[in-house]
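First comes the structure, then the notes that go with it.
Derivation of every value follows stated rules applied to the coordinates shown; laboratory data play no part. Since the model is a prediction, treat every value here as computed from it, not as a measurement. Backbone-built Cβ (ideal geometry, glycine too); neighbour counts: all protein chains shown.
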Amino acid sequence: MPQNFLLCDRDQALLLPPDLRDWLPEDHLAWFVLAVVEEMDLYAFYRPYRHDGHGRAAHDPQMMVALLLYAYCKGQRSSRVIERECVEDVAYRVIAANQRPDHTTIARFRQRHEDAIAGLFGEALALCAEAGLVGVGVIAVDGTKVHANASQHSNRDYEQIAREILEQAAEIDELEDEQFGQARGDELPAELATAQGRRGWLREAKRRLDEERAVEARPIPRSRPERLLQSKRRLEEDLAVECAANAAYEAYRARGVMKDGRRFGGPPKPYQPPETPAGKVNVTDPDSRNVKTPRGYMQGYNAQAVTNMRQIVIAAEINVDSPDFGHLEPMISAAEQELGAAGVTLTPGVVLADAGYWHQAQMEGIVSRGIQVLIPPDAGKRKGSRPGWDGGPYAFMRRVLETEAGHALYRKRQATIEPIFANTKFNRRIDRFQRRGRSACRSEWRLITATHNLLKLHKHQQALATA
């Protein structure tokens, strides 16, 4: 008797048209993503397209959004990988309806709809709120360092940038001399152009400059010569701001009295700003910084998040500062705005954060809004208290955290927010931004956290279905 095997005939043609609904089980993540996208307001994606029907047909934005959301849920962000999966993976083929958008189309879609993609975070949060997952009795704030799409070895100082610009200009001159000889070659594109007092003033001026750059959100040029010129301009802006802040400080000291009427003590030490800009800037991603991590330094961003006890992210932003100091109140304000946009009228009850967020003025501002704050004044690795951090609010917070209720609340911080970063950076393998520039990385971070919320919502619905 011959062996009994299932027939495997690859030459057999399909007798009936395939039904995509038979390709995946009913509870598959792909069907959930498609259902979620149908509930979202995607007007911002449709608005840039022409309404007269002229031009080459584009892929439906609803399909492209579903494709991006599913890919990010699976931890796949490479446009080439997504293109390949649309051919090889059944779930991707179901989402794309057997269409095959190429990697250039996917990459340009992300670039063209950068702001709209960032808005998907609010849409996902609103769906979580409808499911009852956005309780805000206790929320936690923290940040994690994420690699930029740039190398530390691409950091250059002002002299190195100027030297490289001149070398490139010389190379262009040599090529044009070979091509045109003594002719001018006018038809070619144009060539490249060639301590608390004072320190507090300079630090505040640079902070305002960073905020202006964040609002402008200039895109990072693709060509290296343009990035060199932008990096050179940034260093010159830094020097101009430093000189202006120093001149303002000198004028302030020349008055002889402080703002409250008291007289100054001894004269300040003389200070002369450098003739050429100091510091370095990354010529691949000028917005990124060499940020400090527990394992050293990396070229990247400080990605911030606010979450509730169900590990739903209710605010996601990025900055370029290594420490978390000074970002407590901005993140709580961002969380309140996101909650309001999602239709959640509740006010957060308690905010949990680690010692790096201790900022007394910001903490007092949050408490004045009816929100309790639990932040230890001492880092966990420190033995004893910080020098000079005794009495007043420091002693009060230590007493609160030593109580049974305070200790029980603060113990929830690490288990609330740290697993989100671990799942994102290790399980989903998202530990580096793929695009360049503060605005592009912010859009990507909000998309990453939005897909995290969708995965939590999907798990919640599965639990309800099996209950």
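Computed on the range 4-140, with alpha-carbon pairs under 8 angstrom and 6+ residues apart, the relative contact order is 23 percent. Pairs K280/K381; K412/K456; K381/K425: which exceed 27 Å Cα-Cα? Those over the limit are K280/K381.
With a cut-off of 15 Å between beta carbons, the residues surrounding A379 carry a summed charge of +3, where Lys and Arg count +1 and Asp and Glu -1. Taking the Cβ of A303 as the center, what net charge do the other residues with Cβ under 12 Å away carry, scoring Lys and Arg +1 and Asp and Glu -1? After counting each charged neighbour, the total is 0. The listed peptides 69-75, 356-362, ordered by packing as a protection proxy, come out as 69-75, 356-362 (highest mean of other Cβ atoms within 10 Å first). Neighbours of W358, meaning other residues whose beta-carbon lies under 11 angstrom from its beta-carbon, give a summed charge of -2 when Lys and Arg score +1 and Asp and Glu score -1. Among 78-86, 438-446, 279-287, sorting by the average number of other beta carbon atoms lying within 10 angstrom of each residue, highest first, gives 438-446, 279-287, 78-86. For the range 277-396, the dipole from Cβ point charges (+1 on Lys and Arg, -1 on Asp and Glu) about the Cα centre works out to 500 debye, to the nearest 20. A Förster radius of 25 Å combined with the Cβ-Cβ distance from R295 to F426 puts the calculated FRET efficiency at roughly 0.95.
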